[in-house]
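Encoded as structure tokens, the structure appears first; notes follow it.
Nothing in this text is a laboratory measurement; each read-out follows from the coordinates by a stated rule. Keep in mind that what you see is a predicted model, and the values were worked out from it rather than measured. In this analysis, Cβ positions are derived from the backbone assuming ideal geometry, glycine residues included, and neighbour counts consider all displayed protein chains.
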Amino acid sequence: MIPDICCIGHITLDKIITPRLETYMPGGTAYYFAHALAGLDHSRFKLLTSVGESELNAVEEIRALGINVDVIPSRKSVFFENKYGENLNDRTQRVLAKADPFTVENLNLAEARIFHLGTLLADDFSLDAIKLLSKKGIVSVDAQGYLREVRGEKVYAIDWTDKFEALKYIDILKANEKEMETLTGCSDPYKAAVQLAEWGCREVLLTLGDRGSLIYAGNTFYEIPAFALSEVVDATGCGDTYMAGYLYCRSRGAGYREAGEFAAAMCTLKLKHTGPFCGSEDDVRAVLCPA
């Protein structure tokens, strides 16, 4: 059976530093996305990841949750340091190790109705890889990795070199406030969303921190508010959780607003604790429709 959703990305080793804690844990889009779907109906979900031997335990952890995982061996795993200040919308990063990129050759047999590419660094997926997957299904991309250049160990914000060509093949694009401005030069999310759509994206998702998110599709804006939260414990992986919830609903025929609100509710639950989302669909529905 062809999966509804296949998330493709590296599982990382993350060092997380906040004003309240310092810890090491697995991370990356692949990790957070898979965990988010583990609490939902994941019978039609598949994870395709690439890791070094050091993170194979994280693969087994995900498999133990019932997730179907295929692994492409890599010489190393990605090693990130994520440092947050009091405002958890802001973070600085260092890259202490890099994994091998995904190639046309090792993606040639991948199958799904929706491919979600969890980019972490600019060379994770080539333009040819995007073109290949666009012939097989809907392509969803988190822009973050394409806007990260590593110099030494430090991560610098850059523009996406191939964006004009690549966006022609991308159906769904997710970016945060800083990323949308880097891509378009627009600080206004409405203008940025229109620009990204004009470059080729059918669905544009802009996450705006505690201001919620904005979806632009079919020439219509959908404003998705953030749910009230008394304390934010850890924002790492929140964007990946959002995309998991959004694509989960869209793959089941939900409209843009319904999918966005479900995704926002998942993020609210994830923000309350360190680590990935660990709730259920009932938990998400309780946030959406409190008793």
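For the residues 156, 256, 146, a GNM of the chain with alpha-carbon springs under 10 Å puts the largest fluctuation on 156.
Could you state the orientation-averaged shadow area of the convex hull built on the Cα atoms of the chain, in nm² to one decimal?
13.9
Please label the shape of the range 13-102 as rounded, prolate or oblate, based on the square roots a ≥ b ≥ c of the eigenvalues of the alpha-carbon gyration tensor (a/c under 1.5 means rounded; beyond that, a/b larger than b/c means prolate, else oblate). Oblate, because a/c is 1.5 or more while a/b does not exceed b/c. Here the mean projected area of the convex hull built on the C-alpha positions of the range 1-153 is 9.3 nm². Give the shape of the range 84-197 as rounded, prolate or oblate, defined through the alpha-carbon gyration tensor: a ≥ b ≥ c are the square roots of its eigenvalues, a/c under 1.5 means rounded, and otherwise the shape is prolate if a/b is larger than b/c and oblate if not. Note, shape of the range 84-197 comes out oblate. Listed cross-link partners 154/174; 15/98; 135/163; 76/168; 83/270; 131/178 are compared with a 21 Å cut-off, the Cα-Cα value being larger for 154/174; 76/168; 131/178.
Restricting the range 176-264 to GluC sites (Glu not before Pro) that sit in a DSSP loop and have at most 16 other Cβ atoms within 10 Å of their own Cβ leaves 231. With the Cα gyration tensor of the range 153-251 giving a ≥ b ≥ c as the square roots of its eigenvalues, does the rule (a/c under 1.5 for rounded; else a/b larger than b/c for prolate; else oblate) give rounded, prolate or oblate? Cα axes put the range 153-251 in the oblate bin. Under a Cβ-only charge scheme (Lys and Arg +1, Asp and Glu -1), can you give me the dipole magnitude of the chain about the Cα centre, in debye to the nearest 20? Value, rounded to 20: 240 debye. One decimal place: the segment residue 282-residue 109 gains 58.8 nm when fully extended, by the rule 0.36 nm per residue minus the C-alpha distance. From the Kirkwood radius over Cα pairs of the range 188-236, Stokes-Einstein at 37 °C and 0.692 mPa s returns a whole-number translational diffusion coefficient of 277 µm²/s. Full extension of the chain between residue 223 and residue 149 gives 23.5 nm of extra length, using 0.36 nm per residue less the Cα-Cα distance. Summarising the strand pairing of the range 55-205, around 50 percent of its internal DSSP beta bridges are antiparallel.
The length gained by stretching the chain between residue 72 and residue 157 to full extension, at 0.36 nm per residue less their Cα-Cα distance, is 27.8 nm.
So which GluC sites (Glu not before Pro) in the range 67-108 pass both tests, a DSSP loop state and at most 16 other Cβ atoms within 10 Å of the Cβ? Mind showing how you got there, number by number?
On the way: sites: 81, 86, 105; in loops: 86.
Counting only loop positions with at most 16 other Cβ atoms within 10 Å, the GluC sites (Glu not before Pro) in the range 67-108 are 86.
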